[in-house]
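Structure, as structure tokens:
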Amino acid sequence: MRRTLAPSLLALLALLASAAGASAQVPCHAEYDGPVFDDAVSMGGPNLTLVVQFVAPSSFTANSIEVFTGEASGQNSVQLWSHDSVGNQPAGLLGSGSWAMVSANGWQGATLASPVPLSAGTTYWLGWAPINNSQANVDTSIPGNGQPYRASFDGGQSWLGPFQGVNHWKFRIFGACNAPTTYCTAKVNSLGCTPSIYSVGVQSTTALSGFEVRADDVRNQKVGILLYSVSGRAALPFSGGFLCVAGPVRRTPGVNSGGAALPASDCSGDYSIDMNSFAQGLLGGTPSPSLLVPGTVVDCQWWGRDPGFPSPNNTTLSNGLEYVL
């Protein structure tokens with residue numbers, strides 16, 4: 001016998017279960033998205049909106065949401081809500097999307113009408129307005145309590161709860177979470193400028209171009225190389241600054257910073273190399289095979305000559321950049 005969520009406090013407190021499946025895309029944040037779900041539990045209504053509290057583990061822009069459900073067909077919606085810390089309940093609707101549920105159990109969901117930026121360490125509520133008698137997205141087999149949750153039957157004007165019990169709510173949030181990030185400390189060069197690394201475009205294991213790793217505020221008309229590693233970050237004293245990539249360290253072919261023509265000496269230079277092109281072997285050198293493997297974490301840093309410092313510290317060092325393929 002399937003238990004059904006009814007529009008009552010006791011029924012909401014008794015709600016159990018969830019489901020699992022697979023998606024080709026990697027979620028930015030997921031909770032209890034393993035293969036186990038409680039097939040004996042269904043969602044109730046009518047007009048139920050269920051919200052589950054979560055904390056964003058990192059900053060990213062959410063663009064779609066999935067829950068594990070099925071057993072019914074019709075229009076469903078998913079939402080993201082901000083948090084009212086005083087009332088411990090949803091504060092305002094940040095974004096929503098709808099889809100036509102199919103009856104086969106599996107991961108289902110919708111693209112949000114507008115992307116929603118989420119901030120690391122901030123509390124939010126994930127909402128789902130399900131079809132009556134649809135498969136509940138909970139796993140009750142996990143020891144301990146699941147996430148706090150609330151319910152509304154008037155579109156979020158008022159909330160029942162909060163509740164917390166054996167229900168471990170299953171959901172996935174997708175979005176732009178693989179954006180490159182900077183880290184480590186750049187070395188101030190002999191002209192007083194601080195080289196700054198950044199990227200333009202989208203990293204790829206298949207594209208022939210389209211992802212440039214750059215550094216600005218470098219000395220003009222100087223050769224630089226991009227140091228990179230697939231072994232993680234570092235912050236090791238090196239040449240009067242810091243080596244920001246862990247060994248073994250690899251390198252790209254050299255590039256010229258350009259900028260003002262000699263004999264001018266300033267910080268108008270800009271290093272740049274397309275790492276998609278380099279990974280495909282189009283720029284020479286010996287690219288690491290790992291640059292063609294999805295999921296590889298790459299850490300990199302620009303190195304160049306700075307004749308304004310005495311040897312062995314006559315180098316330019318940017319900060320570090322990390323990206324995921």
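The values are calculated or read from the model by the stated rules, or taken from the named source; none is laboratory data. Because the structure is a prediction, the values reported are computed rather than measured. Neighbour counts run over all protein chains shown; Cβ positions are idealised from the backbone, glycine included.
Assorted remarks:
- Hits in segment 206-227 (condition: free of Cβ contacts under 8 Å to residues at least 60 places away in the same chain, farther than 15 Å from V188 by Cβ and part of a strand (DSSP E or B)): R214
- Single residue of segment 56-69 satisfying the filter (surrounded by 22 or more Cβ atoms within 10 Å (Cβ to Cβ) and farther than 23 Å from V102 by Cα) that is nearest to the chain's Cα centre (by Cα): F60
- Residues satisfying the stated conditions in segment 70-99, i.e. modelled with pLDDT of 95 or more and of a type in the set (S, T, Y): S77, S82, S85, S96, S98
- First in segment 241-260 and closer than 22 Å to S231 by Cα, second anywhere and crowded, with 20+ Cβ neighbours inside 10 Å and among the basic types (K, R), Cβ under 6 Å, 6 or more apart: G241/K187
- Residue within segment 310-323 that is touching a Ser or Thr at 6+ places or on another chain (Cβ under 7 Å), among the acidic types (D, E) and either crowded, with 21+ Cβ neighbours inside 10 Å or not in a strand (DSSP E or B) (or both) present: no
- Qualifying residue in segment 94-106 (condition: touching a Pro at 6+ places or on another chain (Cβ under 6 Å) and either within 18 Å of T123 (Cβ to Cβ) or not assigned by TED's automatic domain parsing to the domain that holds A136 (or both)): no
- Remark: pairs (first residue in segment 120-137, outside the structural domain of N105 (by TED's automatic domain parsing); second residue among the aromatic types (F, W, Y) and buried (at least 22 other Cβ atoms within 10 Å of the Cβ); Cβ separation under 6 Å; 6+ apart in sequence or on different chains) are absent.
- Residues in segment 174-205 that are touching an Asp or Glu at 6+ places or on another chain (Cβ under 9 Å), part of a loop (DSSP other than H, G, I, E, B) and modelled with pLDDT under 95: P180 alone.
- Screening Q147 against (1) part of a loop (DSSP other than H, G, I, E, B); (2) of a type outside the set (S, T, Y); (3) more than 23 Å from the chain's Cα centre (by Cα) leaves a single unmet condition, (3).
- Qualifying position, being over 26 Å from the mean Cα position of the chain (by Cα), part of a loop (DSSP other than H, G, I, E, B) and within 22 Å of V297 (Cβ to Cβ), among P263, P248, P253: P248
- Qualifying residue in segment 173-196 (condition: free of Cβ contacts under 8 Å to residues at least 24 places away in the same chain, of a type outside the set (A, V, I, L, M) and under 23 Å from G45 (Cα atoms)): no
- Residues in segment 43-55 that are crowded, with 19+ Cβ neighbours inside 10 Å and at pLDDT 90 or above: M43, L48, T49, L50, V51, V52, Q53, F54.
- Tally of residues being part of a loop (DSSP other than H, G, I, E, B) and among the hydroxyl-bearing types (S, T, Y) across segment 150-173: 1
- Some residue of segment 230-245 being surrounded by fewer than 17 Cβ atoms within 10 Å (Cβ to Cβ), among the charged types (D, E, K, R) and more than 24 Å from S265 (Cβ to Cβ): yes
- Strands (runs of 3 or more DSSP E) wholly inside segment 79-138 that include at least 2 residues being of a type in the set (S, T, Y) and surrounded by fewer than 21 Cβ atoms within 10 Å (Cβ to Cβ): 89-101, 106-118
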